[in-house]
Amino acid sequence: MSRAALLVLADGRFPAGGHAHSGGAEAAVRAGRITGAANLEEFCRGRLHTAGLVSASLAASAALGVDPALLDTAADARTPSPALRVAARKLGRQLMRAARAAWPSTELDAVAREFPRGAHQPVVLGLAARAAGLGPDDAAHCAAYESVSAPASATVRLLSLDPFDATAVLARLAPELDLVARQAGDAARRAVDEGVDALPAASAPLLEISAEAHAAWPVRLFAS
């Protein structure tokens, strides 16, 4: 297992398209729910334990070899917002392109053919981790970290928040991120034997509602 591969996959400069998405932060900023570092931290904490846990579990399951088609259906069922489903597939398609260039794999090729519109991003993330020789816990950590790093990075741009403050938010959340990654890895291992219904389905209704409103804005900085 290559720790360097984990760093490459988790690097924000990996060309997976995440820079164009705010993880719901843009809508939260406009609504006044994020105004600075303190409520950015609360926003990220809520996202980590809901959408982040679900994404990390899907990624860990894909890294373990659970059928990608079943995982993609499970991701759809756990994403009520059509706008978020569209965003997840766009991100999955872009990540697939990057992953196939970085870690050529017949498994990635097969999934790319099966999902020409893109599979859900966490599923592709798990497959990319698998192609890179990484394990389910690595995939879970990548997905959990993405769930909070995207809003933190977006808020720096949206509010001109001091990048040091945004980074401090991520550092304070690190123990909870480790916890969520462990929970996701445990759930993925259960899914191998019990099926995808064993995966978490944590809900974040305000994220879903805000995503639908955000998608209708005529002008916005981020795609989601």
With +1 on each Lys and Arg Cβ and -1 on each Asp and Glu Cβ, how big is the dipole of the stretch 148-189 about its Cα centre, in debye rounded to the nearest 20? 120
Where a ≥ b ≥ c are the square roots of the eigenvalues of the C-alpha gyration tensor, would you call the stretch 1-81 rounded, which needs a/c under 1.5, or, failing that, prolate if a/b is larger than b/c, or oblate? oblate
Given Cα pairs under 8 Å that are at least 6 residues apart, what percent is the relative contact order of the chain? 37
Let's see if you can work this out: charge +1 on each Lys and Arg Cβ, -1 on each Asp and Glu Cβ, no other charges. What is the dipole magnitude of the stretch 102-169 about its Cα centre, in debye to the nearest 20? 220
How large is the convex hull of the Cα atoms of the stretch 121-163 per residue, expressed in Å³ as a whole number? 71
Estimated distance in nm for a label pair at Val192 and Ala20, the labels positioned 7 Å out from Cα along Cα-to-Cβ: 3.6
By average Cβ neighbour count within 10 Å, what is the ranking of 100-108, 74-82 from highest down? 74-82, 100-108
Ala213 to Arg182: extension gain in nm, 0.36 nm per residue of separation minus the Cα-Cα distance? 7.9 nm
Using a 10 Å cut-off on Cβ atoms, rank the peptides 200-208, 139-147 from the highest mean neighbour count down. 139-147, 200-208
Can you give me the long-range amide H partners of Ile34? Hydrogens built in the peptide plane at 1.01 Å from N, cutoff under 5 Å, separation of 5 or more residues or another chain. Val29
Positive-end residue of Ala181, Ser55, Ser224, charge dipole of the chain with Cβ unit charges: Ser224
With +1 on each Lys and Arg Cβ and -1 on each Asp and Glu Cβ, how big is the dipole of the chain about its Cα centre, in debye rounded to the nearest 20? 600
Using alpha-carbon positions, what is the distance between the centroids of the stretch 154-224 and the stretch 103-153, in Å? 15
Per-residue counts of other Cβ atoms within 10 Å, averaged by peptide: what ranking do you get for 209-221, 119-131, 168-180, 46-58, highest first? 119-131, 46-58, 168-180, 209-221
Relative contact order, percent, of the stretch 84-182 when contacts are C-alpha pairs under 8 Å separated by at least 6 residues? 24
Membrane-span-like helices (DSSP H runs, Cα span along own axis at least 20 Å, mean Kyte-Doolittle at least 1.6) in the chain -> none
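Taken together, the values in this text are just the output of simple stated rules run on the coordinates, not laboratory data. Here the structure is a predicted model, which is why all the values come from computation and not from measurement. Positions of Cβ are backbone-derived with ideal geometry, glycine not excepted, and every protein chain shown enters the neighbour counts.
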